[in-house]
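Each value in this text was obtained by applying a stated rule to the coordinates, not by laboratory testing. What you see is a predicted model; the values in this text were computed from it and never measured. Positions of Cβ are generated from backbone atoms using ideal geometry, with glycine treated the same way; all protein chains shown enter the neighbour counts.
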Amino acid sequence: ADVPGGDAPTWPAEFAERYRAAGHWRGETFGAMLRERAAAHPDRIAVVDPAGGADGGRRTWTYGELDRRADRLAAGLSARGIGRGDRVVVQLPNTAEFFEVVFALFRIGALPVFALPAHRESEIAYFCSFAEAVAYVIPAEHGGYDYRTLAATVCAKAPTVRHVFVAGGDAGAFDSLADLPAEPVALSEPDPGDLAFLQLSGGSTGTPKLIPRTHDDYIYSLRGSNELCRVTEDSVYLCVLPAAHNFPLSSPGTLGALYAGGRVVLCPSPAPDVAFPLIEREGVTLTGLVPPLALVWTEAAPRTSFDLSSLDVLLVGGAKFSEEAARRVRPALGCTLQQVFGMAEGLVNYTRLDDPAETIVTTQGRPISPDDEILVVDDEDRPVPVGATGHLLTRGPYTIRGYWRAPEHNRRSFTEDGFYRTGDLVRLTATGHLVVEGRAKDQINRGGEKIAAEEVENHLLAHPAVHDANVVAEPDPYLGERTCAYVILRAGAEPVKPGALKAFVRDRGLAAYKVPDRVVFTDAFPKTGVGKVSKKDLRSPA
Ligand code: J2J
């Protein structure tokens, strides 16, 4: 295995010392955290999986049980040769096993690579190859899709993958997690400064980047989030978004709730008819949603017969939440809205629960930490006047200093003094709150799901009839943005219909949310003064 942390730029010593001295980095690790919680309150419920029981019924794990399960699985995985620093692509839905697997890997010091259930062979094969993953963890089936078939394809493309482990269901040709040996093994606790996992970037290039997060830095973001979201041992967090995504994982998310000794309830679907009964039955106190789901919930809540009164806080983020929609949250759901503007690379901003109502509905919050440094700059990296819109740069105790194994890309995405170029256009209010005004990165934010234009363009360009393609965002009343692909066909090529191009992209094994919503054929692309394609003009034709 590689030296933990060896493949990622890290904080210069003087910053690390400062973050330790300030009490941000406390030398905690995820493995030890679970161990301590289990020792302090073994019988308290940690995880509720409403459909995870053998009979498809409710299943709960106490802290003691989750701790024992993580130990047992850590033993089994290490018996199969998974060791410290090894990468393991984890693609699990919102089930209790997600936590068992992730904590087992934390205990070993192996690094989960957090794939989403929506990813398909194009993405997964890339993650496995790029990360040189030794293992891949899947459910047998989920949402009508057979992940064992996907795994077989991935294994053929990514030869480093020696093991596919199946969590729950019939493992077929692969190893079932339940059948791994369980003899305890002595494992040495990773160092708090080691990498804990690799998170996925939203991406703006042809291939997604991997985000190296350490125990120390991530746990600080959890502790800070818990304080601002008032998460305590009495909190019940409903995990509605895909558990592996950084927002439901950490803002304050499932890991925040577990850090506080609270309870995590896994929601198998974001639909109100699934989530609302769970809120009533489990006494859910907080949850996090992307704006399109928040719209659906605020529309459904006034008509529901379920009692949602336990809900104190609704976090909304991942994409811009419109002011009009934000105003409807409290009247409809009877809880406090907390806007969150975060990124898997680090920086997370929250409106405070006691901010004035106007601030809560009109801003995307302010940073967690007093040591989060924020710069708002023009195209030449010069600070803009306070209140003017500019590029957001940031540096701080839980923001990465570089992507994993991407030195060239890092030179563009970080300034020389270590500020991350978020690609977001923001303005600062007089109270220090941030308002997201737009985006400079070549990405589509489809209701919180990030799509790198270049990645989709590359798939379109693989079609024999396509001469050139540009993918841009267009407004959508529900999603905020959807994707539109402008395509120039090759002269003399067989005519092709938009639907056929979409099907072509889908069949290349791409997550469904990346398939263009609309395909428009054109003869030429608008150009900038220097002759580059102007995506700005494509987005808003004059
Ligand atoms: C506008 N744009 C937003 C917001 C994120 C908490 C919450 C969200 C994420 C996340 C996260 C936005 N208004 N409220 O990791 O811990 C856009 C920005 C940002 C990008 C990051 C968390 N909240 N965004 O969404 O890594 O463009 O993280 O740079 O997926 O989402 O995307 P991602």
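Roughly speaking, what % of Cα-Cα pairs in segment 71-122 are separated by over 14 Å, rounded to a whole number? In whole percent, the share of Cα-Cα pairs in segment 71-122 beyond 14 Å is 50. Compared with the direct C-alpha span, the chain from GLU323 to ASP179 gains 46.7 nm at full extension, assuming 0.36 nm per residue.
For the pair ALA271 and ALA512, label points projected 7 Å from Cα toward Cβ lie 1.3 nm apart. Principal axis analysis of the Cα atoms in segment 228-304 yields extents of 34, 24, 23 Å, listed in decreasing size.
The orientation-averaged projected area of the convex hull spanned by the Cα atoms of segment 288-363 comes to 5.0 nm².
What the Kirkwood sum gives for segment 350-444 is a hydrodynamic radius of 14.2 Å, with every pair of different alpha carbons counted.
Each residue of segment 519-528 is assigned a 3J(HN,Hα), and the resulting list reads 10, 10, 8, 9, 9, 7, 9, x, 10, 7 Hz, derived from the Karplus form 6.51 cos²θ - 1.76 cosθ + 1.60 (θ = phi - 60°), x at Gly and Pro.
Seen from PHE174, the other residues with C-beta closer than 14 Å to its C-beta sum to a net charge of -2, counting Lys and Arg as +1 and Asp and Glu as -1. Taking amide hydrogens as placed 1.01 Å from N in the peptide plane, the amide H of ASP468 sits under 5 Å from those of ILE488, each at least 5 positions away in sequence or on another chain. Computed from the Cα positions only, the extents of segment 217-347 along the three principal axes stand at 42, 30, 23 Å, in decreasing order. Backbone N atoms of segment 486-503 closer than 17 Å to the 7 Å Cα→Cβ label point of ALA462 belong to residues 500-503. Near the amide H of ALA110, within less than 5 Å, lie the amide hydrogens of GLY85, all on another chain or at least 5 residues away, with H placed in the peptide plane. The calculated P(r) of segment 388-542, using every Cα pair and 10 Å bins from 0, goes 10, 31, 33, 20, 6, 1 in percent. Does segment 119-204 classify as rounded, prolate or oblate by the C-alpha gyration tensor (a ≥ b ≥ c root eigenvalues; a/c under 1.5 gives rounded; else a/b over b/c gives prolate, otherwise oblate)? Oblate is the answer for segment 119-204, as a/c is 1.5 or above yet b/c matches or exceeds a/b. Between the alpha-carbon centres of segment 484-510 and segment 296-311 there is a gap of 42 Å.
Is the C-alpha gyration tensor of segment 52-180 telling us rounded, prolate or oblate? Criteria: a/c under 1.5 is rounded; beyond that, a/b larger than b/c is prolate, otherwise oblate.
On the way: a/c = 1.81, a/b = 1.20, b/c = 1.50.
Taking the square roots of the gyration eigenvalues as a ≥ b ≥ c, segment 52-180 is oblate.
Note on segment 423-468: the alpha carbon radius of gyration divided by the globular reference 2.2 N^0.38 Å gives 1.70.
Summing Lys and Arg as +1 and Asp and Glu as -1 over all other residues whose Cβ lies under 15 Å from the Cβ of ARG120 gives a net charge of -1. The radius of gyration of the Cα set in the chain, together with its Dmax, comes out at 22.8, 72 angstrom.
Charged neighbours of ARG508, selected by a Cβ distance under 13 Å, balance to 0 (K, R count +1; D, E count -1).
How much of the calculated P(r) for segment 59-99 lies past 16 Å, in percent of all Cα pairs? So the pairs more than 16 Å apart make up 46 percent of the total in segment 59-99.
If we count other beta carbons within 10 Å of each Cβ, what is the order of LYS536, LYS450, fewest first? Don't skip to the answer; put the middle values down first.
Details: LYS536 10, LYS450 21.
Lowest to highest Cβ neighbour count: LYS536, LYS450.
Can you tell me how segment 278-319 classifies by the Cα gyration tensor, rounded, prolate or oblate, using a/c under 1.5 as the rounded cut? Mind showing how you got there, number by number?
Numbers: a/c = 2.72, a/b = 1.35, b/c = 2.01.
Cα axes put segment 278-319 in the oblate bin.
Annotation: segment 477-542 has a Kirkwood hydrodynamic radius of 13.7 angstrom, from the mean reciprocal C-alpha pair distance.
Among DSSP bridges having both ends in the chain, what percentage is antiparallel? Round to the nearest 5. Please list the in-between numbers first.
On the way: 48 of 84 bridges.
Percent antiparallel among DSSP bridges in the chain is about 55.
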